[in-house]
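Below is one structure, written out as C-alpha coordinates; the observations come after it.
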Amino acid sequence: MEIKIIPCLNDNYSYLIFDKNKKIACVIDPSEAKPVIEIIEKNKVNLRYILNTHHHYDHVGGNIELKKKYNSKIIGFKDDKDRIPEIDIMVENNQIWKEENFEAKIYHIPGHTTGHIAFHFFKEKKIFTGDTLFSLGCGRIFEGTYKQMFNSLNKIKRLPVDTEIYCGHEYTLQNANFCLANDSANPKLIEKISKVKKKLENNLPTIPSTLAEEIECNIFLKAKDLESFSKLRDLKDNF
Ligand code: ZN
Ligand code: FE
(Lines give C-alpha, C1' and ligand atoms only; values in the text may rest on other atoms or scores of the structure.)
(Ligands and ions follow the chains in the order given, each with its own letter.)
Protein backbone atom coordinates (compact mmCIF):
# COMPACT_ATOMS: atom_id res chain seq x y z
CA MET A 1 0.00 0.00 0.00
CA GLU A 2 1.36 3.38 -1.01
CA ILE A 3 0.44 6.65 0.63
CA LYS A 4 0.67 10.22 -0.62
CA ILE A 5 0.21 13.28 1.54
CA ILE A 6 -1.85 15.94 -0.24
CA PRO A 7 -1.67 19.50 1.13
CA CYS A 8 -5.06 21.20 0.72
CA LEU A 9 -6.50 24.65 1.50
CA ASN A 10 -4.30 26.54 3.99
CA ASP A 11 -3.12 23.87 6.36
CA ASN A 12 -5.18 20.74 5.72
CA TYR A 13 -3.88 17.34 4.71
CA SER A 14 -5.76 14.83 2.64
CA TYR A 15 -4.24 11.42 2.06
CA LEU A 16 -4.31 9.11 -0.92
CA ILE A 17 -3.70 5.46 -0.19
CA PHE A 18 -3.45 3.14 -3.11
CA ASP A 19 -2.86 -0.37 -4.26
CA LYS A 20 -0.14 -0.16 -6.90
CA ASN A 21 -0.97 -3.49 -8.52
CA LYS A 22 -4.70 -3.06 -8.76
CA LYS A 23 -4.40 0.67 -9.50
CA ILE A 24 -7.16 1.59 -7.08
CA ALA A 25 -7.20 4.20 -4.35
CA CYS A 26 -8.95 5.68 -1.33
CA VAL A 27 -8.75 9.28 -0.29
CA ILE A 28 -9.11 10.35 3.32
CA ASP A 29 -10.77 13.72 4.00
CA PRO A 30 -10.57 15.46 0.62
CA SER A 31 -10.78 19.13 1.63
CA GLU A 32 -11.00 20.13 -2.01
CA ALA A 33 -11.00 18.21 -5.28
CA LYS A 34 -8.25 19.86 -7.36
CA PRO A 35 -5.06 18.82 -5.54
CA VAL A 36 -6.51 15.33 -5.02
CA ILE A 37 -7.25 14.96 -8.74
CA GLU A 38 -3.69 16.00 -9.56
CA ILE A 39 -2.22 13.24 -7.37
CA ILE A 40 -4.70 10.67 -8.70
CA GLU A 41 -3.83 11.45 -12.31
CA LYS A 42 -0.12 11.49 -11.59
CA ASN A 43 -0.29 8.03 -10.05
CA LYS A 44 -2.74 6.70 -12.65
CA VAL A 45 -5.09 5.15 -10.13
CA ASN A 46 -8.85 4.92 -9.93
CA LEU A 47 -10.44 6.57 -6.91
CA ARG A 48 -12.80 3.94 -5.53
CA TYR A 49 -13.46 5.22 -2.01
CA ILE A 50 -13.71 8.55 -0.21
CA LEU A 51 -13.30 8.22 3.57
CA ASN A 52 -14.49 11.05 5.82
CA THR A 53 -13.43 11.36 9.48
CA HIS A 54 -16.09 14.02 10.16
CA HIS A 55 -18.46 16.41 8.45
CA HIS A 56 -16.55 19.72 8.61
CA TYR A 57 -16.24 21.41 5.21
CA ASP A 58 -12.43 21.26 5.25
CA HIS A 59 -12.69 17.44 5.37
CA VAL A 60 -15.54 16.78 2.95
CA GLY A 61 -15.26 19.74 0.54
CA GLY A 62 -14.07 17.58 -2.37
CA ASN A 63 -16.63 14.77 -1.88
CA ILE A 64 -19.15 15.69 -4.55
CA GLU A 65 -16.75 16.64 -7.33
CA LEU A 66 -14.55 13.59 -6.79
CA LYS A 67 -17.49 11.22 -6.58
CA LYS A 68 -18.88 12.58 -9.81
CA LYS A 69 -15.57 12.36 -11.64
CA TYR A 70 -14.51 8.88 -10.48
CA ASN A 71 -17.80 7.30 -9.49
CA SER A 72 -16.38 6.68 -6.01
CA LYS A 73 -18.23 5.53 -2.92
CA ILE A 74 -18.29 7.79 0.14
CA ILE A 75 -17.81 6.26 3.59
CA GLY A 76 -18.72 7.99 6.86
CA PHE A 77 -20.14 7.51 10.34
CA LYS A 78 -23.75 6.31 10.41
CA ASP A 79 -25.00 9.01 12.78
CA ASP A 80 -23.59 11.68 10.46
CA LYS A 81 -25.41 10.40 7.41
CA ASP A 82 -27.36 13.64 7.09
CA ARG A 83 -24.32 15.88 7.14
CA ILE A 84 -21.71 14.01 5.16
CA PRO A 85 -22.30 15.06 1.55
CA GLU A 86 -23.48 12.15 -0.66
CA ILE A 87 -22.57 9.41 1.80
CA ASP A 88 -22.98 5.86 0.37
CA ILE A 89 -21.61 3.51 3.02
CA MET A 90 -22.35 4.02 6.70
CA VAL A 91 -19.93 2.59 9.26
CA GLU A 92 -20.08 2.27 13.01
CA ASN A 93 -17.81 1.98 16.03
CA ASN A 94 -15.45 -1.03 16.03
CA GLN A 95 -16.61 -2.17 12.62
CA ILE A 96 -14.02 -3.43 10.17
CA TRP A 97 -14.46 -1.87 6.76
CA LYS A 98 -12.94 -4.02 4.05
CA GLU A 99 -12.92 -3.65 0.27
CA GLU A 100 -10.33 -5.14 -2.08
CA ASN A 101 -7.02 -4.89 -0.18
CA PHE A 102 -8.17 -1.96 1.92
CA GLU A 103 -8.98 -2.91 5.48
CA ALA A 104 -9.56 -0.49 8.31
CA LYS A 105 -11.08 -0.64 11.76
CA ILE A 106 -13.43 2.21 12.59
CA TYR A 107 -13.27 3.94 15.97
CA HIS A 108 -15.92 6.38 17.06
CA ILE A 109 -13.89 9.15 18.72
CA PRO A 110 -16.29 12.00 19.60
CA GLY A 111 -15.24 15.33 21.09
CA HIS A 112 -14.31 17.62 18.19
CA THR A 113 -17.66 16.65 16.69
CA THR A 114 -20.16 14.12 18.02
CA GLY A 115 -19.75 11.92 14.94
CA HIS A 116 -15.99 11.95 14.52
CA ILE A 117 -14.35 8.65 13.56
CA ALA A 118 -10.83 7.37 12.92
CA PHE A 119 -9.80 4.87 10.25
CA HIS A 120 -7.19 2.43 11.53
CA PHE A 121 -5.41 0.50 8.78
CA PHE A 122 -4.15 -1.97 11.33
CA LYS A 123 -2.17 -4.18 8.94
CA GLU A 124 -0.19 -1.14 7.76
CA LYS A 125 -0.13 0.34 11.27
CA LYS A 126 -1.50 3.68 10.12
CA ILE A 127 -4.34 5.61 11.71
CA PHE A 128 -6.14 8.61 10.24
CA THR A 129 -7.21 10.72 13.17
CA GLY A 130 -8.80 13.75 11.46
CA ASP A 131 -9.19 16.63 13.93
CA THR A 132 -9.08 14.50 17.10
CA LEU A 133 -5.40 13.70 17.63
CA PHE A 134 -2.95 16.10 16.00
CA SER A 135 0.78 15.83 16.18
CA LEU A 136 1.59 17.41 19.57
CA GLY A 137 -2.00 18.51 20.04
CA CYS A 138 -5.66 17.63 19.87
CA GLY A 139 -8.72 19.13 18.23
CA ARG A 140 -10.90 21.82 19.67
CA ILE A 141 -13.99 20.56 21.43
CA PHE A 142 -16.83 21.89 19.31
CA GLU A 143 -19.75 19.53 19.85
CA GLY A 144 -18.67 16.95 22.36
CA THR A 145 -17.57 17.09 25.98
CA TYR A 146 -14.13 17.17 27.56
CA LYS A 147 -14.80 13.68 28.81
CA GLN A 148 -15.58 12.39 25.33
CA MET A 149 -12.41 13.91 23.91
CA PHE A 150 -10.31 12.57 26.78
CA ASN A 151 -11.73 9.07 26.26
CA SER A 152 -11.26 9.28 22.50
CA LEU A 153 -7.60 10.17 22.90
CA ASN A 154 -7.15 7.34 25.39
CA LYS A 155 -8.62 4.92 22.87
CA ILE A 156 -5.95 5.91 20.34
CA LYS A 157 -3.28 5.80 23.04
CA ARG A 158 -3.88 2.09 23.56
CA LEU A 159 -2.91 1.16 19.99
CA PRO A 160 0.54 -0.30 19.23
CA VAL A 161 3.14 2.43 19.84
CA ASP A 162 4.65 2.05 16.38
CA THR A 163 1.35 3.12 14.79
CA GLU A 164 1.81 6.05 12.40
CA ILE A 165 -0.45 9.03 13.02
CA TYR A 166 -1.91 10.87 10.02
CA CYS A 167 -3.96 13.87 11.12
CA GLY A 168 -6.04 16.50 9.37
CA HIS A 169 -3.89 19.62 9.73
CA GLU A 170 -0.34 20.94 9.75
CA TYR A 171 -0.60 22.43 13.24
CA THR A 172 2.49 20.74 14.65
CA LEU A 173 4.67 23.78 15.27
CA GLN A 174 1.95 25.84 16.99
CA ASN A 175 1.11 22.76 19.06
CA ALA A 176 4.80 22.28 19.87
CA ASN A 177 5.01 25.76 21.35
CA PHE A 178 2.10 24.99 23.65
CA CYS A 179 3.65 21.68 24.74
CA LEU A 180 6.96 23.43 25.40
CA ALA A 181 5.29 26.11 27.53
CA ASN A 182 3.83 23.39 29.76
CA ASP A 183 6.56 20.75 29.63
CA SER A 184 9.76 22.67 29.03
CA ALA A 185 12.13 20.12 30.57
CA ASN A 186 11.04 17.19 28.43
CA PRO A 187 14.12 16.13 26.40
CA LYS A 188 12.02 13.99 24.01
CA LEU A 189 9.88 17.03 23.23
CA ILE A 190 12.93 19.19 22.53
CA GLU A 191 14.26 16.50 20.22
CA LYS A 192 10.90 16.18 18.45
CA ILE A 193 10.65 19.95 17.96
CA SER A 194 14.03 20.16 16.29
CA LYS A 195 12.95 17.36 13.91
CA VAL A 196 9.69 19.20 13.20
CA LYS A 197 11.49 22.47 12.48
CA LYS A 198 13.90 20.77 10.08
CA LYS A 199 11.01 19.29 8.12
CA LEU A 200 9.20 22.61 7.91
CA GLU A 201 12.37 24.42 6.82
CA ASN A 202 12.58 21.96 3.94
CA ASN A 203 8.92 22.49 3.09
CA LEU A 204 8.02 18.97 4.16
CA PRO A 205 5.00 17.83 6.16
CA THR A 206 5.66 16.98 9.81
CA ILE A 207 3.27 14.07 9.29
CA PRO A 208 3.24 11.19 9.97
CA SER A 209 4.11 11.19 13.61
CA THR A 210 4.20 7.99 15.61
CA LEU A 211 2.15 7.07 18.61
CA ALA A 212 5.35 6.50 20.62
CA GLU A 213 6.46 10.10 19.97
CA GLU A 214 3.02 11.46 20.75
CA ILE A 215 2.82 9.57 24.05
CA GLU A 216 6.20 11.00 25.04
CA CYS A 217 5.71 14.54 23.76
CA ASN A 218 2.04 15.46 23.32
CA ILE A 219 0.92 17.24 26.47
CA PHE A 220 -2.70 16.19 25.91
CA LEU A 221 -1.75 12.52 25.89
CA LYS A 222 0.31 13.05 29.01
CA ALA A 223 -2.67 14.42 30.98
CA LYS A 224 -3.28 11.98 33.83
CA ASP A 225 -6.95 12.65 34.43
CA LEU A 226 -9.96 14.40 32.98
CA GLU A 227 -9.47 17.45 35.16
CA SER A 228 -5.94 18.17 34.04
CA PHE A 229 -6.86 17.40 30.44
CA SER A 230 -9.74 19.90 30.59
CA LYS A 231 -7.49 22.58 32.06
CA LEU A 232 -4.96 22.10 29.28
CA ARG A 233 -7.65 22.23 26.63
CA ASP A 234 -8.92 25.55 28.02
CA LEU A 235 -5.41 26.97 28.22
CA LYS A 236 -4.74 25.96 24.62
CA ASP A 237 -7.89 27.68 23.41
CA ASN A 238 -6.45 30.95 24.69
CA PHE A 239 -2.78 30.31 23.90
ZN1 ZN B 1 -12.87 19.70 11.95
FE1 FE C 1 -10.35 20.44 10.16
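Quick look at the numbers
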| item | result |
| --- | --- |
| Residue within the stretch 166-182 that is touching a Cys at 6+ places or on another chain (Cβ under 6 Å) and either under 26 Å from Phe121 (Cβ atoms) or touching a residue at least 60 places away in the same chain (Cβ under 8 Å) (or both) present | no |
| Residue check, Leu204 among the hydrophobic types (A, V, I, L, M, F, W, C), more than 16 Å from ligand 2 (Cβ to nearest atom) and assigned to a loop (DSSP other than H, G, I, E, B) | yes |
| Scope the stretch 62-106; condition in contact with a strand residue (DSSP E or B) (Cβ under 6 Å, 6 or more places away or on another chain), open to solvent by 30 Å² or more (accessible area, probe 1.4 Å) and within 16 Å of Gln148 (Cβ to Cβ); matching residues | Asn93 |
| Flag if His59 is modelled with pLDDT of 95 or more, part of a loop (DSSP other than H, G, I, E, B), of a type outside the set (A, V, I, L, M) and touching a Pro at 6+ places or on another chain (Cβ under 9 Å) | no |
| Matching entry among Ile87, Ile40, Ile106 (being closer than 19 Å to Glu124 by Cβ, at pLDDT 95 or above and away from ligand 2 (no atom under 16 Å from the Cβ)) | Ile106 |
| Subset of the stretch 153-168 that is within 13 Å of the chain's Cα centre (by Cα) and either buried (at least 24 other Cβ atoms within 10 Å of the Cβ) or not in a strand (DSSP E or B) (or both) - its residue that is farthest from ligand 1 (Cβ to nearest atom) | Thr163 |
| Scope the stretch 218-227; condition within 19 Å of Leu189 (Cα to Cα) and assigned to a helix (DSSP H, G or I); matching residues | Ile219, Phe220, Leu221, Lys222 |
| The lone exception for Gly144 - which of (1) touching a residue at least 24 places away in the same chain (Cβ under 8 Å); (2) over 21 Å from Leu9 (Cα atoms); (3) more than 16 Å from ligand 1 (Cβ to nearest atom); (4) not in a strand (DSSP E or B) it fails | (3) |
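The values are calculated or read from the model by the stated rules, or taken from the named source; none is laboratory data. Treat the numbers as computed from the prediction; the structure is a model and nothing was measured. Glycine also receives a Cβ, built like all others from the backbone with ideal geometry; neighbour counts cover every protein chain displayed. With ligands, DNA and RNA removed, areas are computed over all heavy atoms of the protein, side chains included. Shrake-Rupley method; radii C 1.70, N 1.55, O 1.52, S 1.80 Å.
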